[in-house]
Amino acid sequence: MKLKRSLLAVAIAAAGLLPFTASAAQKADLMITDATLLTMDEAKTTYEKGTVVVKGNKIIAVGDESLAKEYQATTVLDVDGDIVMPGLINSHTHVSMTVFRSLADDVPDRLHRYIFPLEKKLVSRDMVRIGANLGNVEMVKGGVTTYADMYYFEDEVAKTVDQIGMRAVLGETVIKFPVADAANAEEGIKYALNFIEEYKDHPRITPAFAPHAPYTNTTEILQKIAKLSLELDVPVMIHLAESHREEEKIAKRADGMSPVEYMDSIGALNKNLVGAHMILVDDKDIELVKKSDMGVAHNMSANIKSAKGVSPALKMYDEDVRIGLGTDGPMSGNTLSTIDEFNQVAKVHKLVNQDRAAMPPIKVIDMATMGAAKALHMEDKIGSLETGKLADIIVIDTKAPNMVPVYNPYSALVYSANSGNVRHTIVDGNIIMKDRNVLTVNEDKIRQEALEFTKVVRETVIESGEVVQ
C-alpha cells in the first residue's frame, strides 16, 4: 500500500500537479520582501508588496509578492512595507573635506581666500584618508551607494572605498599651481595616470581625471586630458560654468566664449566629461552639452549657499541631458547624502520657475538614481532595480514619525525624508549597513580619528587665524 502511494505521488509530481515546494525553489543569496518597491526603471514600475532577489552581486528577479515563492535565499529581509529603491548616486563631491566642515561658511570668495590656502597647509595622505573614511560612513548611512569624487591623493580615497564596500568614480585633481601631491598640472596628470593604471580593473572603483576647472588649467592641459581620457576610456570630472570669475577669465582667454563654448571649441566637451554645477549656462550651451553626450552634476544646496545662482537643471532634465544630483564637498553643501538635497531641489526649482508643479518628486528621485547613473555613463549597471543590474539597494524606514503616513512614496521621500531614515544599505549584493549599523568598518574609530584631526585644524586655522587672506 505504501509503495502504491509513493508511486502515485511520483506520478502526480511528474505531471506538475503537486504544489511548488521549497526544494524546487531557485537558490539566491538575498531576498527583500514586502517592499514598497520603486524600481526606477524606464516605466517607473512600482510594487506595493514587492520582492527583489539577488544572487552574487546581481539582481536576478524583481516583481510582486508571488515572486518570493519561487526563490529560496540565504538571507531574507522582510521590510514590512518600507520603501525599497536603488542606492543613491552622489554625482559630485570632495569627500575628504569632511574634516574642514563648518569652517568659514559665509566668507566671500571662499575658494580663493580660504579653501585653497587651507588645503596648501593641511592636505596630506593622512588627512585624505581620515576625511574619506568619515565621509564614506556618512554616505552609507544616508543611502549613497556610489559617489563621484574629485580631490588629491585619490589612491588613498580608493583604499577607503574598497574597505567600506562602496562604489565610486574617483578623479585625481589636475591644477596648474603646486598642490599637495603634484608641483604642477603635468605632474598631476602623471599621478592620475598611475592611479588609473592601478585601479582600472577594480570591480567597484572607476579611476578618472579631474582637472579642477577650465580657468585653473591651460588649454593645452585640458586638451591633453581629453585625449588621454578617450584613449584610456576613463571619465573626466570638472567644475564647469560655476562662477562669474570663471566666466570672465575664459571670456578673456577665448574671445568672449562661455566656459561651455570654450570647452567645446578645444575638443574637451565629450562623452567622458562630467561637468559639476553648470549654473551659468544658456540655451546654446545646453545644446552643446546635449550634443556632446556629457554628464552634468547638479549641486543645489552648495550653489544656493554660495549665492552663485540656480542651474537650469530642470530644463536640462526635460531636454534629456544626462543630469544627476550631487552634494558638492562638505565645506560647500555640508552634508554628503543626496537625500538631504531632495527637498531643496524640488522647492527651489518651483520658486525660480514660479510654478508649483515644476520639478515634481518623481523627477527628483529619478535624478538621484537613474539620472546620476546616466551622468556617470553607468546606467547599464546601476541606477534602477532591474534584472541583470548590480545589486545596489537601499531601504527607507516608513515607520519613523516624520514619514507617517505615506500616501505617495515619491512625495514622502522628497518632502518628508532625511538621511536618518535609511535603514539598510546594500552595495554589490552585500549588506554594508543593517538597521543603521555599518558592518564593514568601525564607525566609532573613524569618528574618533576625525575628531583628533580637528585639533590640528583648530591649531592651524582657528587659533592662528592664518588662512583667510
Restricting attention to region 435-452, report how many residues are on the phi > 0 side of the Ramachandran plot and either assigned by TED's automatic domain parsing to the domain that holds SER124 or surrounded by 11 or more Cβ atoms within 10 Å (Cβ to Cβ) (or both).
1
Reported set for region 157-170 where residues are buried (at least 24 other Cβ atoms within 10 Å of the Cβ) and more than 22 Å from LEU325 (Cβ to Cβ) is THR160
Any idea which of LYS200, LYS176 is touching a residue at least 24 places away in the same chain (Cβ under 8 Å) and under 30 Å from ALA251 (Cβ atoms)?
LYS176
Qualifying position, being at pLDDT 95 or above, under 21 Å from the mean Cα position of the chain (by Cα), within 30 Å of ALA35 (Cα to Cα) and β-branched (Val, Ile, Thr), among THR327, THR398:
THR327
Could you grab me the full set of residues in region 403-438 that are over 20 Å from the mean Cα position of the chain (by Cα), aliphatic (A, V, I, L, M) and either modelled with pLDDT under 95 or not in a helix (DSSP H, G or I) (or both)?
VAL404, VAL406
Applying the selection to region 228-276, what residues are in contact (Cβ under 8 Å) with a residue 12 or more places away in the chain and of a type in the set (Lys, Arg)?
ARG245, LYS249, ARG253, LYS271
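When the residues of region 288-309 are filtered to those that are of a type in the set (A, V, I, L, M, F, W, C) and under 20 Å from the mean Cα position of the chain (by Cα), which remaining residue is farthest from ASP105 (Cα to Cα)?
Filtering first and then ranking leaves MET294.
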Exactly one of VAL54, VAL107, VAL99 is more than 28 Å from TYR407 (Cβ to Cβ), touching a Pro at 6+ places or on another chain (Cβ under 9 Å) and among the aliphatic types (A, V, I, L, M), and that residue is VAL99
Which ones in region 177-194 are at pLDDT 95 or above and not aliphatic (A, V, I, L, M)?
ASN184, GLU186, GLU187, GLY188, LYS190, TYR191, ASN194
Listing of strands (runs of 3 or more DSSP E) fully contained in region 103-214 that carry 2 or more residues being over 27 Å from ASN418 (Cβ atoms):
167-174, 205-211
Considering only region 32-59, how many residues are acidic (Asp, Glu), in contact (Cβ under 8 Å) with a residue 40 or more places away in the chain and assigned to a strand (DSSP E or B)?
1
Does any residue of region 84-103 turn out to be of a type in the set (Val, Ile, Thr), under 21 Å from VAL457 (Cα atoms) and either outside the structural domain of THR338 (by TED's automatic domain parsing) or more than 23 Å from the chain's Cα centre (by Cα) (or both)?
no
Residue by residue through region 271-291, note down the ones that are surrounded by 16 or more Cβ atoms within 10 Å (Cβ to Cβ) and in a loop (DSSP other than H, G, I, E, B).
ASN272, MET278, ILE279, LEU280, VAL281
Can you confirm whether region 70-91 contains a residue that is over 17 Å from ALA391 (Cα atoms) and in a helix (DSSP H, G or I)?
yes
List the residue pairs whose Cβ atoms are under 6 Å apart, where the first residue sits in region 384-403 and is free of Cβ contacts under 8 Å to residues at least 40 places away in the same chain, the second is of a type in the set (A, V, I, L, M, F, W, C), and the two are 6 or more positions apart or on different chains.
MET403/ALA412
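The values are calculated or read from the model by the stated rules, or taken from the named source; none is laboratory data. Because the structure is a prediction, the values reported are computed rather than measured. All Cβ positions, even for glycine, are placed from backbone atoms using ideal geometry, and neighbour counts span all protein chains on display.
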